[in-house]
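The numbers here are math on the coordinates, done by the rules we state, and not lab data. In this text the structure is predicted, and so the values were computed from the model without any measurement. Here Cβ is always computed from backbone atoms with ideal geometry, including for glycine, and neighbour counts include all displayed protein chains.
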Amino acid sequence: MGPEAERFASKSVAMMFGLLKLAAISELGCVEERLEYAQGEGETGFLLPAFEPRQTPRTSLVLRGPGRRLRLTRFRGRGGPLVWRHELQPPFRSKQEVIINATLEAVWSFSMDLTRIPEFHPRVVKVDLLSGKTFREPGASYQCHLAGGKHTCIEQDIEIIPLQKIVTVLPEDTFGISKILSDYRVETAFQRMSDQATKVEISHYYSTKTLKAKFFNLIAKGKIARDTQATLNAAKSTIEASCPTI
């Protein structure tokens, strides 16, 4: 690609990215934006609708609005062009929280160990490590066997910020929830309250684009909230028992 073509491509990408940003602000009523730089600044590329798994993120712009978030990310493959991809976070549905009387580090360490899920989760009796990973990491999948032996669900962690946040999705389950709520995601946030107290919040996000999804949300939203609170309370008891305060 010659110098003129490179300048044209660079201007085109900047223009299209600007249009996407303006459209996002218009739609979301943007109240915050964050531009995260990585290696590869100044490289030219093309606006494409998707990216391949082998590509790695280089630059991302996050636009937040009431209950929604738009992420615009630039990717580059092995020898391929840079790719812009936008991802609209599903609407916020509910949040549950608990204060655990233990250090942030202790709570985080406990939460990262997938093999400990059956120790506190009221409905999980066994966990299969589908990715062969004992500890959570982006892309790691695991299958939970629920009490009664009839149902299972596969969960996958897609984003982890150490000592701050874990984002999990539900690719598959025998209840059929993943088919009704195809973009269901859960964000678990951790916050240090004091030397011996940690707040853990679990937020639920999903779209209800179909009539079936709207009906499901109507009857199941409350149960999801109650079950999540019960799980948090059980985790609190288990962690506090193993990590007594001084």
(request) Among the lysines, select those whose C-alpha is under 26 Å from the C-alpha of Lys209, and discard any that sit fewer than 8 residues away in the same chain. (result) Lys21, Lys95, Lys179, Lys221, Lys223
(request) Take the Cα coordinates of the range 89-246, assign each an equal point scatterer, and use the Debye formula without solvent to give log10 I(q)/I(0) at q = 0.09 Å⁻¹. (result) -0.29
(request) Would you kindly state how much longer the chain becomes between Gln143 and Ala220 on full extension, computed as 0.36 nm times their sequence separation minus their alpha carbon distance, in nm to one decimal? (result) 25.5 nm
(message) What are the ³J(HN,Hα) couplings of the range 219-225, residue after residue, when phi is run through the Karplus curve with 6.51, -1.76, 1.60 and θ = phi - 60°? Round to Hz, x for glycine and proline.
(response) 8, 10, 4, x, 5, 4, 5
(message) Counting other C-beta atoms within 10 Å, and keeping those with at most 14, which DSSP coil chymotrypsin sites (Phe, Trp or Tyr not before Pro) do you find in the range 164-246?
(response) Phe175
(request) Could you pull out the trypsin sites (Lys or Arg not before Pro) across the range 130-203 that fall in loop regions by DSSP (anything but H, G, I, E, B) with no more than 12 other Cβ atoms inside 10 Å? (result) Lys150
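For Leu163, Leu104, Leu211, what ranking results if the residue with the fewest other Cβ atoms within 10 Å of its Cβ goes first? List each step's numbers first, then the result.
On the way: Leu163 15, Leu104 21, Leu211 8.
Fewest to most other Cβ atoms nearby, the residues stand as Leu211, Leu163, Leu104.
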(request) For Ala102, list long-range residues whose amide hydrogen, built 1.01 Å from N in the peptide plane, is under 5 Å from its own amide hydrogen. (result) Ala197, Thr198
